[in-house]
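Where a number appears in this text, it was derived from the coordinates with a stated rule and is not lab data. In this text the structure is predicted, and so the values were computed from the model without any measurement. Heads up, the Cβs are rebuilt from the backbone with ideal geometry, glycines too, and the neighbour counts pull from every protein chain shown.
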Amino acid sequence: MNRFIRYIQRYKGWFGGAAAICLLVGLYTGLLVSPPDYYQGEVVRIMYVHVPLAHTSLLAYSILFGGSIWFLWKRDPLVDNMCQAASSITALFTGLALVTGSIWAKPTWNTWWTWDPRLVSFAVLLLILAGYMMLRRLVDDPDKQGIYAAVLAIVGGVDLPIIKFSVEWWRTLHQPMSISTRGISISDDLLLPLTFMSLGCWLLFAYMLMVRTQMLYLIELLQAKKGRLLSQTHFSQSAQ
Amino acid sequence: MTGFYARWGMVGALGLLLVFLTYQDYQTRLSTIPLSGIMSGNTPKEPIRIQGMVKSGTLAGKVEQGEATFEFTEGTVTIPVEYHGPPPENLRELKVMVLKGRWDAEAYVFKAQDTALVNNYGYVAAAYGVSCLTIVLMLFAMSQRVMVLFKEIKESKLYEPEVDSLAKKQ
């Protein structure tokens with residue numbers, strides 16, 4: 001078995017445990033300890049789940065982007081597995097960020113959806129990921145599948161800076177960045193659960209990436225073993 | 001395999017505990033008493049929360065300084081309110097809001113000390129519910145698939161020692 005997969009098997013539990021602790025602390029402080037916002041009231045608690053999901057989906061796509069460049073350079077099938085695993089998890093986080101954002105928008109903006117640059121660029125990211133996963137299913141040749149998917153992921157990376165800076169480049173309904181190089185414009189009471197939830201989501205993404213990469217590797221390993229078994233049976237039958 | 005389901009059972013139990021704690025907190029801290037309820041005579045001594053609408057044409061006093069009187073209505077019930085507290089940002093006529101304070105049965109007036117926005121806890125529950133359930137279901141499905149794959153590899157006819165030793169650790 002591949003050495004990297006053995007490392008995953010050995011250390012993934014640590015990531016899962018750390019993610020669970022951070023998320024439990026974040027959920028407890030976010031739902032029960034932190035005060036309601038003077039303007040939004042209790043609805044502000046949606047921030048503790050929406051913002052970490054959105055951050056994590058951007059981080060996850062960055063990993064997919066970097067992994068795709070690495071795959072095109074080294075042609076390592078395990079990196080291709082990792083990219084394939086990252087794509088579906090990133091799609092999950094992106095989809096959830098859009099859904100929770102929509103739920104938050106209804107009581108604050110009085111609409112489920114608006115054609116805002118931040119929202120549209122984020123929805124485009126989900127479409128890119130959907131295209132990436134469809135491409136993987138449509139191309140049968142595993143070598144070509146990896147190459148085409150990597151190229152699509154790299155081209156789709158253009159969307160990352162658009163999402164990040166959309167609130168500064170265009171007039172938008174979405175609030176600007178609360179944490180940037182210019183400082184932190186968020187109260188400490190709100191920052192604590194947000195930090196735990198963000199850390200928890202990053203660790204959860206790492207854990208999910210490890211489990212899914214391992215899963216894809218094991219599927220290939222099982223297929224290879226079955227293939228070997230079939231050819232062995234065929235060989236022995238032919239010899240008889 | 002039993003250990004796998006035991007671990008996931010613990011995750012589920014922890015999740016349910018957190019939901020229960022949050023619901024309890026909501027009931028004690030954020031729930032409101034209907035206006036008809038406070039006139040029944042069983043009103044608690046400690047501060048309570050009531051929800052209703054500020055009746056049009058009744059708001060008087062120095063609202064900017066946190067001193068106001070008005071009538072508060074919900075359905076067919078209307079009660080007089082004396083507000084003494086921090087300057088309320090949302091207090092205006094025809095506004096649906098929450099008041100925190102005590103009911104003075106002898107003076108027949110609700111003495112409010114603070115205001116709050118009407119809770120929209122349904123949105124919060126929906127956002128957390130959708131996110132947590134989706135992630136946990138995906139994680140459970142992936143982990144279960146990995147466990148089944150290890151088992152299949154172990155049971156397949158070609159023997160592979162490294163896979164076998166890892167499967168034992170599972």
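When the stretch B:32-116 is described by a simple charge dipole with +1 on each Lys and Arg Cβ and -1 on each Asp and Glu Cβ, the residue from B:ALA112, B:ASN90, B:ILE50 located farthest towards its positive end is B:ILE50.
In the stretch A:1-84, Cα pairs under 8 Å separated by at least six residues give a relative contact order of 15 percent.
Each peptide in B:138-145, B:59-66, B:29-36 gets a packing score, the mean of other Cβ atoms within 10 Å over its residues, and the list from highest to lowest is B:138-145, B:29-36, B:59-66. Residue order for B:SER40, B:SER131, A:SER102, fewest other beta carbons within 10 angstrom first, comes to B:SER40, A:SER102, B:SER131.
What is the angle, in °, between the Cα long axis of helix A:3-28 and the longest principal axis of the Cα atoms in chain A? Nearest 10 is fine, range 0 to 90. Rounded to the nearest ten degrees, it is 20.
Overall form of the stretch A:1-101: oblate. Here a/c, set by the Cα gyration tensor axes a ≥ b ≥ c, is 1.5 or more, and a/b is not larger than b/c. Overall shape: oblate for the stretch A:134-216, with the ratio a/c of the largest to smallest alpha carbon gyration tensor axis at 1.5 or above and b/c at least equal to a/b.
Return P(r) of the protein assembly as shown (all Cα-Cα pairs; 10 Å bins starting at 0; whole %; ordered from short to long distances). P(r) over the protein assembly as shown, rounded to whole percents: 4, 18, 23, 21, 14, 9, 6, 3, 1, 0, 0. The charge dipole of the stretch B:1-74, taken about its Cα centre with unit charges on the Cβ atoms of Lys, Arg (+1), Asp and Glu (-1) only, comes to about 260 debye. Ordering B:THR22, A:THR94, B:THR28 from the fewest to the most neighbouring beta carbons within 10 Å gives B:THR28, B:THR22, A:THR94.
Peptide A:211-222 has a mean of 5 when you count, residue by residue, the C-beta atoms of other protein chains within 10 Å of its C-beta.
Across peptide B:18-28, the average count of Cβ atoms from other chains found within 10 Å of a residue's Cβ is 2. As a calculated quantity, the FRET efficiency between B:LYS95 and A:LEU191 at R0 = 30 Å, using C-beta atoms, amounts to about 0.45. Name the shape class, rounded, prolate or oblate, that the alpha-carbon gyration tensor gives for the stretch B:53-118, where a ≥ b ≥ c are the square roots of its eigenvalues, rounded holds for a/c under 1.5, and otherwise prolate holds if a/b is larger than b/c and oblate otherwise. Rounded shape, in that the Cα axes give a/c under 1.5. Counting only other chain Cβ atoms within 10 Å of each residue's Cβ, the peptide A:30-42 averages 4. Rounded to the nearest whole Hz, the Karplus-based 3J(HN,Hα) values (6.51 cos²θ - 1.76 cosθ + 1.60, θ = phi - 60°) of the stretch A:65-71 follow the sequence 4, x, x, 5, 5, 4, 5, with x at glycine and proline.
Along the stretch B:18-28 the Karplus relation, 6.51 cos²θ - 1.76 cosθ + 1.60 evaluated at θ = phi - 60°, assigns HN-Hα couplings of 5, 4, 5, 4, 5, 5, 4, 4, 4, 5, 7 Hz to successive residues, with x for each Gly and Pro. When the Kirkwood hydrodynamic radius is evaluated over all pairs of different C-alpha atoms of chain B, what value in angstrom, to one decimal, is obtained? Here the Kirkwood hydrodynamic radius works out to 20.6 Å.
Annotation: lysines with alpha-carbon distance below 28 angstrom to B:LYS111 (same-chain offsets under eight excluded): B:LYS45, B:LYS55, B:LYS62, B:LYS95, B:LYS100. Put simply, the amide H of B:VAL109, placed in the peptide plane, has neighbours under 5 Å in B:ASP104, leaving out anything fewer than 5 places away on its chain. With θ taken as phi - 60° and the Karplus curve 6.51 cos²θ - 1.76 cosθ + 1.60 applied, the whole-hertz 3J(HN,Hα) list for the stretch B:129-144 is x, 4, 5, 5, 5, 4, 5, 5, 5, 5, 5, 5, 4, 5, 5, 5 Hz, x standing for glycine and proline. Each Lys or Arg adds one and each Asp or Glu takes one away; over the other residues whose Cβ falls under 15 Å from the Cβ of A:LEU59, this sums to 0. For B:GLU67, nonlocal amide neighbours, meaning residues 5 or more places apart or on other chains whose placed amide H falls under 5 Å from its own, are B:LYS62.
Summing +1 for each Lys or Arg and -1 for each Asp or Glu among the other residues whose beta-carbon sits under 11 angstrom from that of A:GLN145 gives -1.
Take every pair of alpha-carbon atoms less than 8 Å apart whose residues are at least six positions apart; their mean separation over the length of chain B yields a relative contact order of 16 percent. Axis angle, to the nearest 10 degrees, between helix A:159-169 and the longest C-alpha principal axis of chain A: 10 degrees. Neighbour counts of C-beta atoms inside 10 Å place A:ARG137, B:ARG49, B:ARG92, A:ARG45 in the sequence A:ARG137, B:ARG92, B:ARG49, A:ARG45, starting with the fewest.
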